[in-house]
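In what follows, a single structure is set out as structure tokens and then discussed.
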Amino acid sequence: MKIRNTLLSGFALAALMMTPAAAETKMGIVVKIGGIPWFNAMETGILERAEELGVSAEMIGPTSADPALQVRAIEDLIAKGVDVIGVVPNDEAALEPVLTKAREAGIKVVAHEGPGLNSVDWNFELASATGFGEAHAELLCESAEEAGSYAVYVGSLTVPLHNAWADAAVAWMDENCDKLKKVGDRYGVAESVDDSRSTALDLMAANSDLRGILAFGSQGPIGAGRAIEERRLAGKVHVMGPFSPGQGRQLVKDGVIAGGFMWNPAEAGRVFVTLGKMLAEGVEIKEGMNIEGLGWIKPDSSTRNIITDNLVKINATTVDELAEKGL
């Protein structure tokens, strides 16, 4: 009997050793462009949260804001057989086919700044498009003491969310700020410091009454601010928009960037991983859930959007604290 029990114990141990461990969730998150402070902060959030939750996650940042490079990166992730793909789209329409392919392969898809995407499980936003655009417009109107004109930057003319912010801002300005009139249409330069700077120089040369630039795209306020600094027009031409506080801190202190609003890109990175793991494990996203980084949510199942209000002010009072957090 003793021998038989010993044999049974041995068989049980062998069976336990042969039982496969739970597979680690694998995810890849494709952002607009690599190497800039905004997405560097997002990567920090992704890696920290992945370690906390015990998942494998990587961020892929293309060398330029080219939708074709995002498509290629997503194709690579599909070939790797990841469980979750995250994306911050440069062009929603360009990504729909490859995201459809990912979902058909059984991969969960999470987007951020992609409220118009159809081929996603969920898209999350840390600010409403209308509220974000209007907040910047109001700041511009308050900052400009003299009548004149203003210009609008977006990251690209194909980025729907940036253009939704711009639409909301322009509508607010038309209704509430008679002293400022928009010049031109909008300029798709705000993901490049150099393009934002050169465009601002051209705008100031062509419009002596330019009073402000609404720059939607994290590099827009930086580039426009440098141009204003070069022309010694701080306090005359006001620039505002979302940007990385660490990158724009001195321009804010010098009065070149009037300020802006942002959400924490590191927190967005953490949310990518949190939502991705929940979806990979089959958790149903429902109203009333309290999800870390988002708070209490009211998801829209028809649009697949989760929109919360987590705006942070960037100004001379807050910029140092935000920069010291690595933002």
For Cα Rg over 2.2 N^0.38 Å the list reads (i) 1.35; (ii) 1.17; (iii) 1.29; the calculated value is entry (ii)
For Val193, Val110, the accessible-area ranking with a 1.4 Å probe, largest leading, is Val193, Val110
Per the Cα gyration tensor, segment 56-178 corresponds to an equivalent ellipsoid with semi-axes, largest first in Å, of 35, 13, 11
With a 1.4 angstrom probe the carbon and sulfur portion of accessible area for the chain, in percent, totals 50
With -39,500 (n - 2.57) per DSSP H segment of 4 or more residues and division by the full residue count of the chain, the 222 nm estimate, nearest 500 deg cm²/dmol, is -14500 deg cm²/dmol
Total charge of the residues flanking Ala147 in space, meaning their Cβ is under 12 Å from its Cβ, with Lys and Arg +1 and Asp and Glu -1, is -1
Put Asp83, Asp185 in order of accessible area, largest first, probe 1.4 Å, and you get Asp185, Asp83
For Arg231, Arg249, the accessible-area ranking with a 1.4 Å probe, largest leading, is Arg231, Arg249
Among Ala79, Ile222, Ile285, the residue whose Cα sits farthest towards the positive end of the charge dipole of the chain (+1 at Cβ of Lys and Arg, -1 at Cβ of Asp and Glu, taken about the Cα centre) is Ala79
In debye to the nearest 20, the charge dipole size for the chain, taken about the Cα centre with +1 at each Lys and Arg Cβ and -1 at each Asp and Glu Cβ, equals 820
Measuring from its Cα centre, segment 272-327 shows a charge dipole (+1 at each Lys and Arg Cβ, -1 at each Asp and Glu Cβ) which, in debye to the nearest 20, is 140
Amide H neighbours of Glu113 at under 5 Å, excluding residues fewer than 5 places away on the same chain, with H built from the backbone geometry, are Phe124
Regression test value, accessible area per residue of the chain, probe 1.4 Å, units Å², expected 45
Going through Lys26/Lys101; Lys101/Lys325; Lys32/Lys179; Lys32/Lys277 one by one, the pairs whose alpha carbons sit over 26 Å apart turn out to be Lys101/Lys325; Lys32/Lys179
Looks like segment 183-260, by Cα gyration tensor root eigenvalues a ≥ b ≥ c and the a/c under 1.5 rounded cutoff (else prolate when a/b is bigger than b/c, oblate otherwise), is oblate
Once normalised by the length of the chain, the mean sequence separation of its alpha carbon contacts under 8 Å that are 6 or more apart gives a contact order in percent of 19
Relative contact order in percent for segment 95-173 (Cα pairs under 8 Å, 6+ apart) equals 28
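The values are calculated or read from the model by the stated rules, or taken from the named source; none is laboratory data. In this text, all values refer to a predicted model and were calculated from it rather than measured experimentally. Positions of Cβ are generated from backbone atoms using ideal geometry, with glycine treated the same way; all protein chains shown enter the neighbour counts. SASA here: full protein model, heavy atoms, side chains in, ligands and nucleic acids out. Shrake-Rupley method; radii C 1.70, N 1.55, O 1.52, S 1.80 Å.
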